[in-house]
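One structure below.
The values are calculated or read from the model by the stated rules, or taken from the named source; none is laboratory data. Bear in mind that the values here come from a model prediction, so they are computed numbers and not experimental data. Note: ideal-geometry Cβ built from the backbone for every residue, glycine included; neighbour counts use all protein chains shown.
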Amino acid sequence: MVLRSPVCVVVGHVDHGKSSVLDYIRSSNIVAGEAGAITQSIGASIIPTETIVKKCGGLLEKLNLKLNIPGLLFIDTPGHEAFTNLRKRGGSLADIAILVVDINEGFKPQTFEALEILKSYKTPFLVCANKVDLISGYKVMPNKPTIAALNDQSPQTITEFETKMYQLVGTMYDKGFPTERYDRVSDFTKEIAIIPTSAKFGIGIPEVLMVLAALSQKYLEKNLVCDIKSVARGTILEVKEEKGLGTTLDVILYDGCMSAGDTIIIGNVEAPVVTKIRALLVPEPNTEMRDKKGKFKSVKSVVAATGVKISAPNLDGVIGGMPILSTGDSTKVEELKEQVMAEIDEVLVENDESGIIVKADSLGALEALVSLLRQRNISVMRASIGDITRKDIIEAQSNINNPLNTVIVGFNSKLNSDAEEMLEKSGIKVITSNIIYNIIDNIGEWRDQKIKEIELAKLDEVTRPAKLHIMPGLIFRQSHPVVCGVDVLAGVVKINAPLMKDGKFLTNVKSMELDKKSVRTASRGEQVAMAMDGVTIGRQLDEDNILYTSVNEEDFKKLKTMKNLLSKDEVEVLKEIAEIMRKTNPSWGI
């Protein structure tokens with residue numbers, strides 16, 4: 001048993017400096033031929049302990065901390081993929097994370113997305129409050145520690161910094177994360193450390209490495225125990241076509257040792273893929289992983305935690321985020337096939353008898369999305385990988401009796417042509433985005449609107465409160481039926497609505513015209529020609545009379561429970577109706 005490097009991902013909103021933070025950490029430590037220089041493998045940058053100690057200077061000594069971990073493994077992949085394609089059984093592959101936030105712009109959609117996923121996976125993290133050099137008046141002092149340099153800024157700059165810093169702290173607190181500047185944190189298990197940084201000038205980067213290393217060693221050491229003699233376990237970061245190699249897999253290996261010639265078992269939706277490793281490839285030293293011109297060299301084996309490119313036959317249909325196991329013992333293959341499919345079933349299982357349909361482009365994305373939906377008490381009937389199909393729409397239509405489930409959400413999933421043709425007439429809502437946070441936000445808004453529509457439909461089942469004024473000089477017909485001009489003073493009146501005067505029922509609305517066109521409803525501020533049967537002007541009705549809709553006691557009680565759906569003037573009219581009715585029956589409506 002040995003300790004492996006903690007896996008660290010860098011997440012945050014686009015253009016807030018994720019790549020810059022990683023680039024500074026990487027480039028500031030590359031010295032050709034120097035012991036302790038970083039090693040780069042597929043999608044990862046491995047920073048050994050020697051380099052961390054050198055970069056941190058005396059910071060580790062102040063903590064009296066001797067590092068036992070072999071280093072830090074930074075995942076080098078864009079945006080949300082760092083999380084959604086990095087999963088293992090039970091949660092995220094990431095042991096720890098850096099959330100990068102532009103201190104000048106604050107939280108943005110992808111920042112919230114990253115925060116939601118960190119929360120969902122219970123991944124420990126720290127925050128880089130990046131781009132402090134862009135704060136008005138900030139002077140870069142390369143030879144001073146970050147906090148000392150901050151304290152030497154002008155009072156105006158310090159004030160602006162503190163304002164921006166505590167705006168971030170406030171946002172984090174609102175999301176359920178107590179946060180404090182790293183040098184003021186009293187208990188790292190209860191508060192998230194926030195470190196002022198400038199990736200452009202390297203401000204705060206030594207502190208970031210120090211806190212990452214210290215937190216990893218103090219709180220994560222048990223999770224970092226690695227058995228290099230056991231079955232190798234990893235996650236597919238990306239599936240690529242490589243010239244001369246065909247389909248290859250970029251894999252993050254988080255446990256065990258993987259060797260050329262090993263049998264690999266890869267999770268898949270239908271059945272596991274079983275094949276043999278033709279070659280293990282790593283880039284030449286100090287080359288950028290995503291550089292298409294980068295050269296690779298073949299190696300016999302790799303040990304966790306690291307990244308590696310795998311060349312093997314029969315990889316068609318393999319997708320990112322899937323688990324991969326490797327063994328040199330052919331007798332274990334059947335057992336490992338069961339293990340890898342059990343891991344997928346944890347995500348794909350249809351736990352809820354009813355619910356919405358969820359689609360995503362990778363297993364990790366699907367897991368994150370389903371988890372976040374269920375945290376919001378949104379049930380999921382089926383979750384699967386791929387584009388949205390005709391079958392998905394038909395399944396969603398089976399929820400027609402529960403309108404809140406007549407929706408399909410898709411992360412990086414599109415409608416195929418058959419589904420697109422069917423969607424328009426289906427009555428199904430489709431919500432898609434390449435940002436999970438937007439999906440969560442949009443389905444929340446859609447459900448709120450749907451709930452309101454459902455509740456408003458209930459108002460059609462009762463008599464709504466309204467107050468009417470028979471306008472002087474606008475009697476068009478005195479009886480059989482009465483036709484007169486009516487000003488709607490408050491509320492909403494509909495065709496067939498019962499009307500009362502002084503608490504006594506008189507008649508029903510037979511018809512209404514607005515601008516010489518028949519209408520079924522009239523609202524506050526509208527003046528209509530109204531026809532009423534069974535009454536006569538000069539007897540039951542007169543010019544200038546005030547009428548109310550005749551709300552019965554049962555409807556009144558229902559309306560009281562639906563006050564949130566009524567306008568302010570409807571609520572006031574409801575009170576007036578109650579006062580009128582209680583003159584003859586004091587307990588009416590109580």
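At-a-glance table
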| quantity | calculated |
| --- | --- |
| Within the range 307-327, tally of residues that are at pLDDT 90 or above and either surrounded by fewer than 18 Cβ atoms within 10 Å (Cβ to Cβ) or part of a helix (DSSP H, G or I) (or both) | 2 |
| Output for the range 265-283, where each listed residue is outside any strand (DSSP E or B) and over 18 Å from Ala342 (Cβ atoms) | Ile277, Arg278 |
| Condition met for Ile46 (surrounded by 16 or more Cβ atoms within 10 Å (Cβ to Cβ) and either of a type in the set (A, V, I, L, M, F, W, C) or at pLDDT below 80 (or both)) | yes |
| Exclusive hit being of a type outside the set (D, E, K, R) and more than 24 Å from Ser567 (Cβ to Cβ), set Ile470, Ile439 | Ile439 |
| Among the residues listed as Leu336, Leu373, Leu366, the single one being in the same structural domain as Ile252 (by TED's automatic domain parsing), closer than 30 Å to Leu237 by Cβ and among the hydrophobic types (A, V, I, L, M, F, W, C) | Leu336 |
| Candidates Thr189, Thr235, Thr247 - the one that is more than 30 Å from Ile264 (Cβ to Cβ) and either part of a strand (DSSP E or B) or out of contact with any Pro (no Cβ under 8 Å at 6 or more places or on another chain) (or both) | Thr189 |
| Residue satisfying condition, being closer than 30 Å to Glu50 by Cα and touching a residue at least 40 places away in the same chain (Cβ under 8 Å), within set Thr248, Thr235 | Thr235 |
| Output for the range 128-154, where each listed residue is surrounded by fewer than 17 Cβ atoms within 10 Å (Cβ to Cβ) and part of a loop (DSSP other than H, G, I, E, B) | Ser136, Gly137, Lys139, Val140, Met141, Pro142, Asn143, Lys144, Asp152, Ser154 |
| Which listed residue is more than 29 Å from the chain's Cα centre (by Cα) and of a type in the set (A, V, I, L, M, F, W, C), from Ile192, Ile158, Ile96 | Ile158 |
| Scope the range 250-264; condition over 14 Å from Asn314 (Cα atoms) and either of a type in the set (D, E, K, R) or in a strand (DSSP E or B) (or both); matching residues | Asp250, Val251, Ile252, Leu253, Tyr254, Asp255, Cys257, Met258, Ser259, Asp262 |
| Of all residues making up the range 499-544, the number that are outside any strand (DSSP E or B) and in contact (Cβ under 8 Å) with a residue 24 or more places away in the chain | 14 |
| Of the criteria (1) buried (at least 24 other Cβ atoms within 10 Å of the Cβ); (2) free of Cβ contacts under 8 Å to residues at least 24 places away in the same chain, which one Arg374 fails | (1) |
| Residue match in the range 5-18 (condition: at pLDDT 85 or above, surrounded by 20 or more Cβ atoms within 10 Å (Cβ to Cβ) and in a helix (DSSP H, G or I)) | no |
| Members of the range 423-447 found to be within 11 Å of Thr406 (Cα to Cα), modelled with pLDDT under 90 and part of a helix (DSSP H, G or I), listed by number | Ser426 |
| Flag for Val571 being under 45 Å from the mean Cα position of the chain (by Cα), of a type in the set (Val, Ile, Thr), surrounded by fewer than 18 Cβ atoms within 10 Å (Cβ to Cβ) and over 16 Å from Pro465 (Cβ atoms) | no |
| Residues located in the range 457-470, provided they are closer than 19 Å to Glu513 by Cβ and crowded, with 18+ Cβ neighbours inside 10 Å | Ala466, Leu468, Ile470 |
| Criterion (assigned by TED's automatic domain parsing to the domain that holds Lys200, aromatic (Phe, Trp, Tyr), at pLDDT below 70 and assigned to a helix (DSSP H, G or I)) met by exactly one of Phe112, Phe83 | Phe83 |
| Members of the range 328-356 found to be under 13 Å from Val269 (Cβ atoms) and either charged (D, E, K, R) or assigned to a loop (DSSP other than H, G, I, E, B) (or both), listed by number | Glu343, Asp345, Val349 |
| Candidates Ile135, Ile147 - the one that is in contact (Cβ under 8 Å) with a residue 24 or more places away in the chain and either more than 26 Å from Leu63 (Cα to Cα) or acidic (Asp, Glu) (or both) | Ile135 |
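One line per residue, one yes/no per condition, for (1) in contact with a helix residue (DSSP H, G or I) (Cβ under 8 Å, 6 or more places away or on another chain); (2) of a type in the set (S, T, N, Q):
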site: Thr306; (1), (2): no, yes
site: Pro313; (1), (2): no, no
site: Ser326; (1), (2): no, yes
site: Gly355; (1), (2): yes, no
site: Leu372; (1), (2): yes, no
